[in-house]
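Novice: What follows is a single structure, and I will ask about it in a moment.
The values are calculated or read from the model by the stated rules, or taken from the named source; none is laboratory data. Values in this document were obtained by computation on a predicted structure and should not be read as measured data. Don't worry about glycine lacking a Cβ; one is built from the backbone with ideal geometry, like all the others, and counts go over all protein chains shown. For accessibility, only protein heavy atoms count, side chains too; no ligands or nucleic acids. Shrake-Rupley method; radii C 1.70, N 1.55, O 1.52, S 1.80 Å.
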Amino acid sequence: ACPTRVSRSVEHTTAAISPTRRWVDDILESCGISRDQRRTIMLLASETLTNAVQHAVDPLEAIVEVSNALVRVGVRDGSPDEPTLHDPAPHETGGRGVQFLDRFADRWFVEHRAADGPGKTVWFELARDDALSPERVGGSR
């Protein structure tokens, strides 16, 4: 049921990215997120998960929060290092994940862990496509 907040552990392997992305998509679909918006969120989730698998340390966790107005996805890892924006050359195969976050998310940020040890969560947010529909704000059509 939505609104919701769910999380799941992610193995520290590239093989875990695809099933985790499908898990995120299943949650979003069950919450009525449009197919087009789910595609954008899947791209950003893939990039965020890939960055964590390639550059961070265990433990890894994916988090999905869906409210009536907002979709928020986070990837938590054990590294204190923040992702950085790169400007890769066209022939380079990597370095574009943060560019995608910067371009397609309404907002992205890093939340550092405090009391429970080193690490961080990289979050991105998108306003729901249907957030301002009359049904959601209590108006009439």
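Novice: State the number of residues belonging to the stretch 65-75 that are in contact with a Pro (Cβ under 7 Å, 6 or more places away or on another chain) and either within 11 Å of residue 122 (Cα to Cα) or crowded, with 18+ Cβ neighbours inside 10 Å (or both).
Specialist: Count: 1.
Novice: Determine the pairs where a residue that is free of Cβ contacts under 8 Å to residues at least 24 places away in the same chain, located within the stretch 9-30, has a partner that is surrounded by 12 or more Cβ atoms within 10 Å (Cβ to Cβ) with Cβ atoms under 7 Å apart, the partner being 6 or more residues away or on another chain.
Specialist: Taking only residues 6 or more apart or on different chains, the pairs are 25/38; 25/42; 29/38.
Novice: Next question, about the same structure. Restricting to the stretch 8-64, name every residue that is open to solvent by 60 Å² or more (accessible area, probe 1.4 Å) and either in contact with a Pro (Cβ under 7 Å, 6 or more places away or on another chain) or within 22 Å of residue 107 (Cα to Cα) (or both). If you could, list the steps in order and put the result at the bottom.
Specialist: Residues of the stretch 8-64 open to solvent by 60 Å² or more (accessible area, probe 1.4 Å): 8-9, 11-12, 14-15, 21-22, 26, 29-30, 35-36, 39, 43, 54-55, 57-59.
Selection gives 9, 21, 29, 35, 36, 39, 43, 55.
Novice: Another question, if that's okay. Report, by residue number, each residue of the stretch 113-135 that is of a type outside the set (Phe, Trp, Tyr), closer than 26 Å to residue 9 by Cβ and modelled with pLDDT of 75 or more. Explain how you work it out, then say what you get.
Specialist: Residues of the stretch 113-135 of a type outside the set (Phe, Trp, Tyr): 113-122, 125-135.
Remaining after also requiring closer than 26 Å to residue 9 by Cβ: 113-122, 125-126.
113, 118, 119, 120, 121, 122, 125, 126, listed by residue number.
Novice: Scan the stretch 76-112 for residues that are assigned to a loop (DSSP other than H, G, I, E, B), open to solvent by less than 80 Å² (accessible area, probe 1.4 Å) and modelled with pLDDT of 90 or more and jot them down. Write out each step before concluding.
Specialist: Going through the stretch 76-112, the residues assigned to a loop (DSSP other than H, G, I, E, B) turn out to be 78-96, 105-106.
With open to solvent by less than 80 Å² (accessible area, probe 1.4 Å) added as a condition, the list becomes 78-80, 83-84, 88-89, 94-96, 105.
78, 79, 80, 105, listed by residue number.
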